[in-house]
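Student: Have a look at the structure that comes next, please.
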Protein chains: 6
Amino acid sequence: MPVVSITLLPGYDTATQHRMVNRVAQTVRSVIATPEAGTTVFIQEVSTYRRDAKVFSEGRAAHPVASEVVQAFLQAMQERDLKKAQSFLHTDFRMCFPGGVILHTLAELTTWAQSRYATIRKQYDQFEESWQGDATVVFCHGTLAGTWLNGQPFQGIRFIDRIQVQDGLITRQDVWNDLAEHRQA
Amino acid sequence: MPVVSITLLPGYDTATQHRMVNRVAQTVRSVIATPEAGTTVFIQEVSTYRRDAKVFSEGRAAHPVASEVVQAFLQAMQERDLKKAQSFLHTDFRMCFPGGVILHTLAELTTWAQSRYATIRKQYDQFEESWQGDATVVFCHGTLAGTWLNGQPFQGIRFIDRIQVQDGLITRQDVWNDLAEHRQA
Amino acid sequence: MPVVSITLLPGYDTATQHRMVNRVAQTVRSVIATPEAGTTVFIQEVSTYRRDAKVFSEGRAAHPVASEVVQAFLQAMQERDLKKAQSFLHTDFRMCFPGGVILHTLAELTTWAQSRYATIRKQYDQFEESWQGDATVVFCHGTLAGTWLNGQPFQGIRFIDRIQVQDGLITRQDVWNDLAEHRQA
Amino acid sequence: MPVVSITLLPGYDTATQHRMVNRVAQTVRSVIATPEAGTTVFIQEVSTYRRDAKVFSEGRAAHPVASEVVQAFLQAMQERDLKKAQSFLHTDFRMCFPGGVILHTLAELTTWAQSRYATIRKQYDQFEESWQGDATVVFCHGTLAGTWLNGQPFQGIRFIDRIQVQDGLITRQDVWNDLAEHRQA
Amino acid sequence: MPVVSITLLPGYDTATQHRMVNRVAQTVRSVIATPEAGTTVFIQEVSTYRRDAKVFSEGRAAHPVASEVVQAFLQAMQERDLKKAQSFLHTDFRMCFPGGVILHTLAELTTWAQSRYATIRKQYDQFEESWQGDATVVFCHGTLAGTWLNGQPFQGIRFIDRIQVQDGLITRQDVWNDLAEHRQA
Amino acid sequence: MPVVSITLLPGYDTATQHRMVNRVAQTVRSVIATPEAGTTVFIQEVSTYRRDAKVFSEGRAAHPVASEVVQAFLQAMQERDLKKAQSFLHTDFRMCFPGGVILHTLAELTTWAQSRYATIRKQYDQFEESWQGDATVVFCHGTLAGTWLNGQPFQGIRFIDRIQVQDGLITRQDVWNDLAEHRQA
């Protein structure tokens, strides 16, 4: 039953507008038990807009889709294109890996990983976003496949990443996985 | 600059209305780089509402806050109040624990846990919600403290839970943690 | 897909508001091939309203439902309560009956009818309204039963009335029926 | 005093939009005794619209004007262009004529009419529409002129048609007239 | 033709709401040559309102009517109730009188006036407001009557005051009049 | 906290739209103590608009900015371009000058002024508008410089004009100044 009208300055592309109405509909439905059929969201473009004593001629930029930023980063990591991967990172970037290992650079990560496995490859089951205003947190989980340092292959090992995106850049990555569970076995 | 008007049937309590405007503002800001100061969200209550050939006299129920459902469940688990914990679970509930162990009942969980540690206690750093329409997924991460089976204490061991809530009931819990990392050490 | 917001001054009773949203939904659907599921109409009550240099404190009266006015009139006629029937008629009322007979008073009608049949009773299949702004025209059709002047009974004879209602009073009634078809037989 | 805002997807032509605002104004005024001067109706076009989990890029088709469909059908009948007349008819079309004669095809009608009069021509006083959501019912009344089977001319004989239009096609035509009244005389 | 919807938090009294719609209508008509009949302004009260990351439970206070503040001040001056008059003045108050005389206190004014006339009384033809956002400037003009220092009476002498009101307090008063024109004569 | 939506027919130029939102924001803030940051005004253009039984295809003309009309008039007067100055005057124009001198034509003014000073030049400190619906009153104040009839120069002499503008033409000018104060000295 909710009808949501979003008033925007003109100029947003179709993809951004679709993202807006889809997300707002999902959010409204997270609060009220209303079915999709009864949930209406639309965008109205204003002709002229004034707030804070200023007349605005165009709206603020659209954010990139946070999970797409994350996917591009993870893809670059997978391809060992550290330069490209670096381009998605905020200057304050920090990672936290199983065992509570805290790293700040991709170089550190590469070194550390060499003590854990010979090769690794992530397969993603799902990317999920938590919209928190100034930041969007992307969670992705799935399974790891690769080879142990001793050359034995492994696969189907569970992992989850928590990756925080702010203004289009990744500020933090936290990783949990079952590698130790399986290494033990 | 976005101005969002949400039209609802009257009858929602203040907390639900606040939740609605806060979440919608956060969601809008996840799409457009607009500051809080330029983001306006308000609720208008209609006097009469008709859709799908029906005139509605009141809106659909508000969902409970998913992270509060999760917190109450985890609190009951902590207190070993399995009956109360059970009351938060959907009939199709299933858990997945480190090592890919899949369980369906709290009794199974209790048994399985006895092979892992003597006692355990979770300390939560953060609860985060992903609003997905029909379901809300709650992620919580923090640290574990407790005693190993051999009586040695442990603490500060990282964990993350992914808990899916549908219509106020938990349908799925996925758990990752660093216990194996530390057991190994 | 149309979303219709009707802004009214407060004070209209529930029945009037329901009538409003139902009629407007039907009307919108007479223009666009939109299904009921996609048609939303709601009423918003304003707090203060100004037009034509006047601030209004309450809205104009609701009209009575024209087909209910007509039904009450026809019921009074059926019961030969001419005084009550008269109360529904505008001072400029005029009737037109089969054969093009034009009458202005219920007394004339009674006299004229005596040359046509001994008794008559209308059974209504349907009342339909045509909303025309200053006037609403009510069409009702169904069948006549009664006895001819010669005492023979008749029934199932088709009729239709076109009755014009203005400001809650009937200004004109036009009647067509198949009595002559059957009298001939 | 009512202010009606109709939110539509863009793309409707001017004639459809005018029809929409005119009809909705008339309908609103059928419920509340508000003068034209105090009745405001406008159309706002949305930029993006989502309902029922779908983002729509264009609105549903406009219906043809039901009374224009009826006029075109009646015109084709007048001109004995049965093929064209047929094109306006729904496959479930049925007619009901004075005396309760029920027909299903224009051929049947032609045959039946030959037993009633030699020629006939309708002159229309008024077309009136009843907007009923899924269907619009058109009432037209006026007078008949023509020649009886015996070659005598007639004219000024009252008739009314009730014609039901659904999705642009005529599903039902009911006819009443005074031919029998006059044949008797 | 303009339709202005003003969305406010609930709680404003009727007088404030009327002032709001009346002023906004006048302002709109200062920009577009629209007649009163075609100018609609209404207030909608929101149920919940959020901006700048805060949910507001009530709106900002209404300003007193600036010309009423000015009238009360001028009335107190007329009645030589300097204490009351002082209560309408901002701490930064300053006056400017004919000849460019600048004064800061009512005591100074009393002294200065004694060199100009024995008694004085203002008769107001009109109060007019200029709405400038942070301040409202009230202009009042009319005629002065009184007695010169030499005991001769005078009357009908033109004056105009420009009085600036900020947050309900008078920050500045500028006075022009024709006293010198007449003293000369 | 007020959010003002102004619904207009399309076709107004940017400058008019900016003037509209700026003025309405100032006016709203003259009633409620809301800061600029919390004051939102926007214009929505309708696709089709109907009132008073008419569908409008374009809005009423924008008024010229009253203070610009006044400035152009005053500039023409300064330049002794009486023909141009005359073009800004309503046929019912009348002036009122210090001493209560009432004049109707610019020629009268020129003659009268010759008895007061040899030359004069106005320097404007501020133009302020009072929006009154059918009329806008422009107040301008500042200082006069010039030469007395005896050839002595003067400057810095205070003045204020009250100039009433209706439909783009000046209907009335009232002037107060301190010339007499200084002539006396």
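The values are calculated or read from the model by the stated rules, or taken from the named source; none is laboratory data. Given the structure is predicted, the values throughout are model-derived calculations rather than measurements. With ideal geometry, Cβ positions are generated from the backbone for all residues, glycine too; neighbour counts draw on all protein chains shown. We work out accessible area using only protein heavy atoms, side chains counted, and drop any ligands, DNA or RNA first. Shrake-Rupley method; radii C 1.70, N 1.55, O 1.52, S 1.80 Å.
Student: Give me the inter-chain shielding for D:12-25: mean count of other chain Cβ atoms within 10 Å, whole number please.
Tutor: Numbers: counts 4, 0, 4, 0, 3, 7, 5, 5, 10, 8, 8, 8, 12, 8.
Across D:12-25, the average partner-chain Cβ count within 10 Å equals 6.
Student: If you add up the charges near residue A:31, with Lys and Arg at +1 and Asp and Glu at -1, over every other residue whose beta carbon is less than 12 angstrom from its beta carbon, what do you get?
Tutor: +2
Student: Add +1 for every Lys or Arg and -1 for every Asp or Glu among the other residues with Cβ under 14 Å from the Cβ of residue E:110, and state the total.
Tutor: The answer is 0.
Student: Relative contact order for the range F:43-153 using alpha-carbon pairs under 8 Å, separation at least 6, rounded to a whole percent?
Tutor: Normalised by residue count, the contact order of the range F:43-153 is 19 percent.
Student: Sorted by average packing, counted as other Cβ atoms within 10 angstrom per residue and highest first, what order do D:45-55, F:73-83 take?
Tutor: Details: D:45-55: 20.0, F:73-83: 14.7.
Put in order of decreasing packing, that is D:45-55, F:73-83.
Student: Also, quick follow-up: Please compute the per residue accessible area over the range F:1-77 with all protein chains in place, 1.4 Å probe, rounded to a whole number of Å².
Tutor: 31 Å²
Student: Still on this structure: Just to be sure I understand: if I project the alpha-carbon convex hull of the range D:77-185 onto a plane and average over all orientations, what area do I get in nm²?
Tutor: Result: 6.9 nm².
Student: What shape does the range D:1-86 have by the C-alpha gyration tensor, where a ≥ b ≥ c are the square roots of the eigenvalues, rounded means a/c under 1.5, and otherwise prolate means a/b greater than b/c and oblate the rest?
Tutor: Details: a/c = 3.30, a/b = 1.39, b/c = 2.37.
Taking the square roots of the gyration eigenvalues as a ≥ b ≥ c, the range D:1-86 is oblate.
Student: How much of the pair distance distribution for the protein assembly as shown lies past 45 Å, counting alpha-carbon pairs only, in percent?
Tutor: Numbers: 344370 of 615495 pairs.
Percentage above 45 Å: 56.
Student: Once you have a ≥ b ≥ c as the square roots of the Cα gyration tensor eigenvalues for the range C:15-60, tell me rounded if a/c is under 1.5, and otherwise prolate or oblate according to whether a/b is larger than b/c.
Tutor: On the way: a/c = 3.01, a/b = 2.45, b/c = 1.23.
Prolate shape, in that a/c is at least 1.5 and a/b is the bigger ratio.
Student: I would also like to ask the following. Quick check: from the Cα gyration tensor, does the range B:46-85 come out rounded (a/c under 1.5), prolate or oblate?
Tutor: Prolate shape, in that a/c is at least 1.5 and a/b is the bigger ratio.
Student: Rounded to the nearest 5, what % of DSSP beta bridges with both residues in the range F:1-118 are antiparallel? Each step should come with its number before you reach the end.
Tutor: On the way: 6 of 12 bridges.
DSSP beta bridges in the range F:1-118 are roughly 50 percent antiparallel.
Student: For chain B, what relative contact order do you get, as a whole percent, if you take Cα pairs closer than 8 Å and at least 6 residues apart?
Tutor: It comes to 17 percent, rounded to a whole number.
Student: What translational diffusion coefficient, to the nearest whole µm²/s, does the range A:66-137 have by Stokes-Einstein, given a Kirkwood radius computed over alpha-carbon pairs, a temperature of 25 °C and 0.890 mPa s viscosity?
Tutor: Translational D for this selection: 180 µm²/s.
Student: A follow-up question, please. Could you state the number of Å between the C-alpha centres of the range F:40-88 and the range A:54-125?
Tutor: 57 Å
Student: Another question, then. Placing +1 at every Lys and Arg Cβ and -1 at every Asp and Glu Cβ, with all other atoms neutral, what dipole size does the range F:1-127 have around its Cα centre, in debye to the nearest 20?
Tutor: 180 debye
Student: A further question follows. Within 10 Å of each Cβ in peptide B:152-160, how many partner chain Cβ atoms are there on average? Round it to a whole number, please.
Tutor: Working: counts 0, 0, 0, 0, 1, 2, 8, 1, 8.
Partner Cβ neighbours, averaged per residue: 2.
Student: Taking the Cα centre as origin and putting +1 on Lys and Arg beta-carbons and -1 on Asp and Glu beta-carbons, what dipole magnitude results for the protein assembly as shown, to the nearest 20 debye?
Tutor: 0 debye
Student: Could you tally the net charge around residue E:22, taking each other residue with its Cβ under 15 Å from the Cβ of residue E:22, Lys/Arg +1 and Asp/Glu -1?
Tutor: Once all neighbours under 15 Å are counted, the net charge is 0.
Student: Let me ask you something else. For the protein assembly as shown, give the share of DSSP beta bridges that are antiparallel, in percent and rounded to the nearest 5; count only bridges with both residues there. Before the final figure, lay out each step's value.
Tutor: Values: 273 of 333 bridges.
Roughly 80 percent of the DSSP beta bridges within the protein assembly as shown come out antiparallel.
Student: Here is a further query. Ignore the peptide's own chain and count Cβ atoms of other chains within 10 Å of each Cβ in B:168-177; give me the average, rounded.
Tutor: Mean partner-chain Cβ count within 10 Å for B:168-177: 2.
Student: Under unit Cβ charges (Lys, Arg +1; Asp, Glu -1), what dipole magnitude, rounded to 20 debye, does the range A:72-185 have relative to its Cα centre?
Tutor: Values: 11 positive and 13 negative charges, 89 e Å.
Here the size comes out at about 420 debye.
Student: Further, regarding this structure: Can you flag which of C:122/D:122; B:54/F:54; C:84/C:122 are past 22 Å Cα-Cα?
Tutor: Values: C:122/D:122 28 Å; B:54/F:54 32 Å; C:84/C:122 18 Å.
Beyond 22 Å: C:122/D:122; B:54/F:54.
Student: Is it possible to state the helix-based mean residue ellipticity at 222 nm for chain D, with each DSSP H run of 4+ residues giving -39500 (n - 2.57), the sum divided by total residues, to the nearest 500 deg cm²/dmol? What is it?
Tutor: My calculation for chain D gives -8000 deg cm²/dmol from helical runs alone.
Student: Let me ask something else. Residue-wise, which Karplus ³J(HN,Hα) couplings in Hz belong to the range B:143-154, taking 6.51 cos²θ - 1.76 cosθ + 1.60, θ = phi - 60°, and x for glycine or proline?
Tutor: Per residue, the Karplus-derived 3J(HN,Hα) values read 10, 9, 9, x, 10, 6, 4, 7, x, 6, x, 9 Hz.
Student: Expressed as a fraction of 2.2 N^0.38 Å, the rule-of-thumb size for a compact globular protein of N residues, what is the C-alpha radius of gyration of chain A?
Tutor: Normalised Rg, Cα atoms only: 1.30.
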